[in-house]
Amino acid sequence: STTQVPIIAKILMKALMALPETDYMLCTYLIPVSIHSDASISTLKSLADQLESCSFQKFWSEAATCGPLLSTVPGFEAAIRKFILDVVSMTFQVITVEELGSVLNLSGKALDEAIAARGWSASGGEVRLPKDTSQASQAAKPDDVGFEHLAPIVVATGR
């Protein structure tokens with residue numbers, strides 16, 4: 001077979017870096033079934049599952065065991081941390097510094113820098129996140145879909 005597993009693994013890692021986009025899932029559909037059992041591919045699948053289920057501490061524990069694989073793509077950890085920060089900002093208004101450090105796998109100065117880079121404020125062991133109004137405003141605007149748009153669909157499905 002001419003399939004090169006290391007190249008496929010790099011493509012999957014780049015796709016993971018694009019989370020929450022669906023690039024990773026789309027790429028997995030293109031991989032031959034015989035390749036899914038390869039150790040590096042199954043490891044990446046497990047890591048993706050951890051991220052998609054927001055099991056961030058488990059992700060970092062597992063990622064620590066596969067450093068040589070993950071180090072082949074520069075910026076992988078930074079992109080994953082950005083995804084995690086985005087999830088945290090949509091989920092919390094207040095989070096403890098300890099919990100944030102745990103989900104980001106950061107501590108000390110690196111954690112302080114991550115907090116400051118997002119414009120968040122930390123005091124008394126807690127991080128205060130500004131309310132994310134962009135998500136709420138998008139959800140509050142209904143699409144202008146009238147009956148005249150739906151009528152052809154209703155008629156077509158009634159046949």
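Only residues that are of a type in the set (Val, Ile, Thr), more than 16 Å from Thr72 (Cβ to Cβ) and either exposed (fewer than 11 other Cβ atoms within 10 Å of the Cβ) or touching a residue at least 24 places away in the same chain (Cβ under 8 Å) (or both): list them for the stretch 23-43, please.
The answer is Val33, Ile35.
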Answer from Leu70, Leu129, Leu104 - the residue that is farther than 18 Å from Ile11 by Cα, at pLDDT below 95 and surrounded by 14 or more Cβ atoms within 10 Å (Cβ to Cβ): Leu129
Would you confirm whether or not the stretch 83-97 contains a residue that is part of a loop (DSSP other than H, G, I, E, B) and out of contact with any Asp or Glu (no Cβ under 7 Å at 6 or more places or on another chain)? yes
Within the stretch 12-21, take every residue that is open to solvent by 90 Å² or more (accessible area, probe 1.4 Å) and free of Cβ contacts under 8 Å to residues at least 60 places away in the same chain and give me the one that is farthest from Pro74 (Cα to Cα). Glu21
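Going residue by residue through the stretch 15-31, is there one that turns out to be among the acidic types (Asp, Glu) and part of a helix (DSSP H, G or I)? Working first, answer last.
Restricting attention to the stretch 15-31, the residues satisfying the condition of being among the acidic types (Asp, Glu) are 21, 23.
After this cut, where a residue has to be part of a helix (DSSP H, G or I) as well, the list is 23.
Taking every residue of the stretch 15-31 in turn, at least one turns out to be among the acidic types (Asp, Glu) and part of a helix (DSSP H, G or I).
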Unique match (being open to solvent by less than 80 Å² (accessible area, probe 1.4 Å) and modelled with pLDDT under 90) among Ala110, Ala136, Ala78: Ala136
Selection from the stretch 74-126 of residues charged (D, E, K, R) and closer than 16 Å to Gln57 by Cβ yields Glu77, Arg81, Glu98, Glu99
If you go through the stretch 50-108 one residue at a time, how many are farther than 30 Å from Ser123 by Cα and β-branched (Val, Ile, Thr)? 3
Whether any residue in the stretch 52-60 is within 18 Å of Val73 (Cβ to Cβ), part of a helix (DSSP H, G or I) and open to solvent by 20 Å² or more (accessible area, probe 1.4 Å) is what I want to check. no
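The values are calculated or read from the model by the stated rules, or taken from the named source; none is laboratory data. All values derive from a computational prediction rather than experimental measurement. In this analysis, Cβ positions are derived from the backbone assuming ideal geometry, glycine residues included, and neighbour counts consider all displayed protein chains. Heavy atoms of the whole protein, side chains included, go into the accessibility calculation; ligands, DNA and RNA do not. Shrake-Rupley method; radii C 1.70, N 1.55, O 1.52, S 1.80 Å.
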